[in-house]
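Below is one structure, written out as structure tokens; comments come after it.
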Amino acid sequence: MKAACGVATLTFWLVLGSHPLLPPAASAQRIRPWVPPFADSLTRWAADARAGFATNTGDSVGGENYRAYELVGTMGRRLLRALGKQNTLQAHAIEPVLDSLGLDTEVALDPTLPRFVLLMVHNPARPSAQSVGFFYWFRGEDLRMEGAAFGGGDAPKVRVWWTGQRTYPYEWGVIDRRRDTRRTLGFTLLRLSEDGLYWNLTQYAGSGPDLGEMGDAEWADLNGDGRPELVAWSRAPVDSLFEVCSDCPRPILERTYAERREGFTLNDERLVPTPFASFVLFIRLLRERNPTAAARLLEDPSMVRRAMAEGWATGRGRGLWRVEYFEEGEAWPAWFAIRFRGGKGKPLYIVHFTQKEGRWVIRDWIVPVKAPEPASPPAGGAR
């Protein structure tokens, strides 16, 4: 019954989506309760798939383990056919239908080329297991399907584009994540065969861009040529001279990948400009005895002499500087408190930043004054 309701809901949504400007009365006249002829098959296949997932051994999708994934992929293909070639932009409606049957799926498509649809199938009984992505595309009126294994497969983001190449007319890129605490990013690139019958796996985990972990990635057409670039942000390692508090914002590494004949390769890498990144660079320049360059990171360049006088260019060892807290309530703080363990008395500085000529520079730094402790009452108490 769940399957019948789910597919009927899909049809109801499709009718409304096809006639968004109809008044309510006219829309109601066009909607008829409908149970597709394959609703019973969906229910049966879902039960078989759930049983298969529950008995799969290990995290691999190979061998007999693949059968359960393939059943769900076939269900997705049937539902896409029910939507029709002209309505694949609404393919996201398939996901709640399948999930209502006790399955675990995600649908992703490129709205600029919606006739290419990805259905990512996870094992609902084993979150650590690999996933299988089923790629659907039309070759004429033939809705084709091909599966590929994903180490993560979570939250897929896709982009499809025309290449103009005879040997691989279309390419399909997928960004995904692992289902672990590190949320490691993955990347897959496929190229369509010349006859449009199958996809060739060109780049994948271990043979393509390493997008990092604890971050994000997006498709972006940076140069406007109709072919996307790939931009990824991930945590950058903290300079060994510095330690940061557990809840402090971390430095962020931005990598841009551009496509070449062999696939996507690194085109640019940089630290995202932040006050902390500017401070780290400032200290490094001081230690390299380059005060002229360091002064460019100050709102008042003459303050470089003060920094040198306070010993900021000296000291040895890891964690010489420690960020202890930062501007409260701000994800991108404009000041922080940092302790210099190489200075006399290990002073704590409050360092403020501002924007100058499009970059973060140090505005000033102060040593907070400790409030005086209250005087002790005289012995025996006051009279």
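Values for this structure:
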| item | result |
| --- | --- |
| Single condition M145 does not satisfy, out of (1) surrounded by 17 or more Cβ atoms within 10 Å (Cβ to Cβ); (2) aliphatic (A, V, I, L, M); (3) touching a residue at least 60 places away in the same chain (Cβ under 8 Å) | (1) |
| Any chance R363 is of a type outside the set (A, V, I, L, M, F, W, C) and more than 18 Å from E243 (Cα to Cα) | yes |
| Hits in segment 49-75 (condition: more than 22 Å from F138 (Cβ to Cβ), of a type in the set (G, A, S) and crowded, with 20+ Cβ neighbours inside 10 Å) | A49, G52, A68 |
| Helices (runs of 4 or more DSSP H) fully within segment 11-104 counting 1 or more residues that are among the hydrophobic types (A, V, I, L, M, F, W, C) and modelled with pLDDT of 75 or more | 39-55, 66-83, 94-99 |
| Any pair with Cβ under 7 angstrom, 6 or more apart, that starts in segment 193-213 at a residue that is within 20 Å of R260 (Cβ to Cβ) and β-branched (V, I, T) and ends at one that is in a strand (DSSP E or B) and modelled with pLDDT of 95 or more | T202/L189; T202/L190; T202/R191; T202/G263 |
| Test: residue in segment 184-198 that is surrounded by fewer than 15 Cβ atoms within 10 Å (Cβ to Cβ) and aromatic (F, W, Y) | yes |
| Which listed residue is surrounded by 15 or more Cβ atoms within 10 Å (Cβ to Cβ) and touching a His at 6+ places or on another chain (Cβ under 9 Å), from A307, A334, A258, A294 | A334 |
| In segment 105-119, the residues that are assigned to a loop (DSSP other than H, G, I, E, B) and in contact with a Phe, Trp or Tyr (Cβ under 7 Å, 6 or more places away or on another chain) | D110, R115 |
| Residues being more than 10 Å from the chain's Cα centre (by Cα), in a loop (DSSP other than H, G, I, E, B) and crowded, with 18+ Cβ neighbours inside 10 Å - total across segment 213-236 | 2 |
| Residue list for segment 154-187, restricted to those being modelled with pLDDT under 95, over 11 Å from the mean Cα position of the chain (by Cα) and either of a type in the set (A, V, I, L, M) or closer than 21 Å to G62 by Cβ (or both) | R179, D180 |
| Subset of segment 76-97 (residues that are free of Cβ contacts under 8 Å to residues at least 60 places away in the same chain, surrounded by 19 or more Cβ atoms within 10 Å (Cβ to Cβ) and not polar (S, T, N, Q)) | A91, E95 |
| Complete set of residues in segment 261-272 that are surrounded by 15 or more Cβ atoms within 10 Å (Cβ to Cβ) and either touching a residue at least 40 places away in the same chain (Cβ under 8 Å) or over 18 Å from N223 (Cα atoms) (or both) | G263, F264, L271 |
| Boolean, D104 is touching a Lys or Arg at 6+ places or on another chain (Cβ under 8 Å) and of a type in the set (D, E, K, R) | no |
| Residue identified as among the charged types (D, E, K, R) and touching a strand residue (DSSP E or B) at 6+ places or on another chain (Cβ under 7 Å) among R44, R67, R50, R81 | R81 |
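The values are calculated or read from the model by the stated rules, or taken from the named source; none is laboratory data. From a predicted model like this one, the values you see are computed outputs, not experimental measurements. Neighbour counts are summed over all protein chains in view; Cβ atoms, including those assigned to glycine, are modelled from backbone coordinates with ideal geometry.
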